[in-house]
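Participant: Quick one: the structure is below, questions incoming.
The values are calculated or read from the model by the stated rules, or taken from the named source; none is laboratory data. All values reported here derive from a predicted model rather than from experimental measurement. Glycine also receives a Cβ, built like all others from the backbone with ideal geometry; neighbour counts cover every protein chain displayed. Side chains are part of the model used for accessible areas, which takes the heavy atoms of the whole protein and leaves out ligands, DNA and RNA. Shrake-Rupley method; radii C 1.70, N 1.55, O 1.52, S 1.80 Å.
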Amino acid sequence: MKRQLSSVVAAAFLSILAWSCNQSDPAPKGDYVQGVFVMNEGNFLQNNGGISYFTREQSTAEAEIFADANGSALGGGVQDYTAFEGTGIILIDNSAAGMDKVQFVNSNTFKTEGSIGAPDIENPREVVIANKKAYVTCWGTNPAYTFSTGYVAVIDLSTKKVIKKIDIAKGPENLIYSNGKIFVGTTTFSTGKTLTVISTTNDEVAKSIPLNGTVTPIGIDANGKLWVSAGISALKMSPDSYAVEATLPIGTDASKIPTNFTLSADLKSIFFVLTWYDASFAAHGNTYKFAITDSQVNVNTPFIKRNFTGLAVDPTQGLLYAGVTPSLAQAGYAVRYRADGSLVDSVKVGVSPTGFFFK
């Protein structure tokens, strides 16, 4: 009798446990559960940026999913987007003073979940997530485009409030997170030549590292090394001691600006665009690739003979996604390439695609 009772109790317990697991881990619901999100910066003076979306199997995109979900546009240029535990974080830069914001959405439905505006958020640029906090680089008020102000806004994602501002001048922009540290670079429009390291333990500046040129953190490679662009060089650094272990010149022409760095899916190669401007300020350029084991960067042979406004690699499929901006008065394209540089297809998106988020 005791054995039978124990068996019944055990079976009942297992049934309840299975039911509980099913109840606590439901599949996420929404139209945007899995796919590719394209950040369209738009025309700055028209404040017509947005986020396009398509699944990996599609060749057509929804042009502006925030407007589709909420009945109104984002109201500015989209600078960056990421998501964490069901919350999407969109950075919006509006041409009018005091109208910039961080817009929160449900990452699966894109329904609005509130926002943070000025004076907490002014000229937001990029965002990373660490320890359930969002770190947002901001240029600040940036009077007369002097890039004399700037900070990293720390947002508690449980309350959706800015809990701290970490002062960093010279136009803080690019940033990556790794192992308790956030590496912050500066915009190419400023004179900032410092790599700033923020500790996510206390949200303080842990180190300021002067480098030779405008600084762009690229990422952590397959060997655990930090890659940083400084001027027209790519640097391999120790993320612990910050020592520069290798310097790879990117050509010799300082008028050609290396931008849009991204690591391959296996973290063993780096893609980037080398851009220059003619007398009419029209952009030209090509896309290049080098291995993390290379001793130099070959800028004589482009990987793809084309200039792009954004680059990213899908970690799931390994495809290279590139943003094409024909003009600021028409829709752009997300172009997909295989690892060998061969073309897959192109997807029509919004105005001025400059970034990608994969989910």
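Participant: Across segment 64-92, which residue is most open to solvent (accessible area, probe 1.4 Å) among those that are under 23 Å from Q317 (Cα atoms) and in a loop (DSSP other than H, G, I, E, B)?
Facilitator: So the residue we want is E85.
Participant: Out of curiosity, is S241 more than 19 Å from the chain's Cα centre (by Cα) and either free of Cβ contacts under 8 Å to residues at least 12 places away in the same chain or part of a loop (DSSP other than H, G, I, E, B) (or both)?
Facilitator: Working: more than 19 Å from the chain's Cα centre (by Cα): yes; either free of Cβ contacts under 8 Å to residues at least 12 places away in the same chain or part of a loop (DSSP other than H, G, I, E, B) (or both): yes.
Against the criterion (more than 19 Å from the chain's Cα centre (by Cα) and either free of Cβ contacts under 8 Å to residues at least 12 places away in the same chain or part of a loop (DSSP other than H, G, I, E, B) (or both)), S241 qualifies.
Participant: Scanning segment 166-191 for residues that are of a type in the set (V, I, T) and touching a residue at least 60 places away in the same chain (Cβ under 8 Å), which turns out surrounded by the fewest Cβ atoms within 10 Å (Cβ to Cβ)? Outline the logic, then answer.
Facilitator: We begin by selecting, within segment 166-191, every residue of a type in the set (V, I, T); these are 166, 168, 176, 182, 184, 186-188, 191.
In the following step, the residues that additionally are touching a residue at least 60 places away in the same chain (Cβ under 8 Å) were identified as 187-188.
Values: T187: 22, T188: 19.
In this case the residue turns out to be T188.
Participant: Limited to segment 327-346, what total is found for residues that are under 22 Å from the mean Cα position of the chain (by Cα), within 15 Å of N307 (Cα to Cα) and not small (G, A, S)?
Facilitator: Adding up the residues that qualify gives 4.
Participant: Next question. Within segment 289-359, considering only strands (runs of 3 or more DSSP E) that don't extend past its boundaries, which have at least 2 residues that are surrounded by 20 or more Cβ atoms within 10 Å (Cβ to Cβ)?
Facilitator: Working: elements: 310-313, 320-324, 333-337, 343-348, 353-358.
The strands (runs of 3 or more DSSP E) meeting that bar are 310-313, 320-324, 333-337, 353-358.
Participant: Now for a separate question. For segment 194-213, how many residues meet the condition of being modelled with pLDDT of 95 or more, assigned to a loop (DSSP other than H, G, I, E, B) and open to solvent by 30 Å² or more (accessible area, probe 1.4 Å)?
Facilitator: Within segment 194-213, residues that are modelled with pLDDT of 95 or more, assigned to a loop (DSSP other than H, G, I, E, B) and open to solvent by 30 Å² or more (accessible area, probe 1.4 Å) number 2.
Participant: Of the residues that sit in segment 93-131 and are within 20 Å of K359 (Cα to Cα), open to solvent by 30 Å² or more (accessible area, probe 1.4 Å) and over 17 Å from the mean Cα position of the chain (by Cα), which one is modelled with the lowest pLDDT?
Facilitator: N131
Participant: Out of all the residues in segment 255-273, which are of a type in the set (A, V, I, L, M), open to solvent by 20 Å² or more (accessible area, probe 1.4 Å) and part of a strand (DSSP E or B)? Give the derivation first.
Facilitator: First pass over segment 255-273, keeping only residues of a type in the set (A, V, I, L, M): 257, 263, 265, 267, 270, 273.
Narrowing the set further to residues that are open to solvent by 20 Å² or more (accessible area, probe 1.4 Å) leaves 257, 263, 265, 267.
Passing the criteria: I257, L263.
Participant: Turning to a different aspect of this structure: Would you please name the residue that is nearest to D93 (Cα to Cα), looking only at residues in segment 35-66 that are in contact with a Pro (Cβ under 9 Å, 6 or more places away or on another chain) and not β-branched (V, I, T)? Lay out the reasoning, then the answer.
Facilitator: If we filter segment 35-66 for residues that are in contact with a Pro (Cβ under 9 Å, 6 or more places away or on another chain), which is where we start, we get 38-41, 52.
Next, only the ones that are not β-branched (V, I, T) stay: 39-41, 52.
Numbers: M39: 12, N40: 12, E41: 9, S52: 17 Å.
For segment 35-66, the residue satisfying everything is E41.
Participant: Is there a residue in segment 221-230 that is among the basic types (K, R), in a loop (DSSP other than H, G, I, E, B) and under 21 Å from the mean Cα position of the chain (by Cα)?
Facilitator: Yes, because at least one residue in segment 221-230 is among the basic types (K, R), in a loop (DSSP other than H, G, I, E, B) and under 21 Å from the mean Cα position of the chain (by Cα).
Participant: Only one of (1) crowded, with 22+ Cβ neighbours inside 10 Å; (2) of a type in the set (A, V, I, L, M, F, W, C); (3) within 19 Å of K160 (Cβ to Cβ) fails for A61. Which number is that?
Facilitator: Answer for A61: the failing condition is (3).
Participant: Mind checking which residues of segment 47-63 are out of contact with any strand residue (DSSP E or B) (no Cβ under 6 Å at 6 or more places or on another chain) and closer than 16 Å to D345 by Cβ?
Facilitator: We begin by selecting, within segment 47-63, every residue out of contact with any strand residue (DSSP E or B) (no Cβ under 6 Å at 6 or more places or on another chain); these are 48, 55-58, 60.
Scanning segment 47-63 gives T55, R56, E57, Q58, T60.
Participant: Follow-up question, since we're still on this one. Inside segment 142-165, can you point out the residues that are farther than 22 Å from A230 by Cα, surrounded by 15 or more Cβ atoms within 10 Å (Cβ to Cβ) and more than 17 Å from the chain's Cα centre (by Cα)? Let's see the steps before the verdict.
Facilitator: Of segment 142-165, the ones farther than 22 Å from A230 by Cα are 142-144, 153-165.
The next check asks that each one be surrounded by 15 or more Cβ atoms within 10 Å (Cβ to Cβ); those that pass are 142, 153-155, 157, 160, 162, 164-165.
The answer is N142, L157, K160, V162, K164, K165.
Participant: Okay, moving on. Which one of these is open to solvent by 10 Å² or more (accessible area, probe 1.4 Å), over 19 Å from V128 (Cα atoms), at pLDDT below 95 and over 22 Å from the mean Cα position of the chain (by Cα): T247, T252? Give the steps one after another, and end with the answer.
Facilitator: Details: T247 fails: at pLDDT below 95.
The match here is T252.
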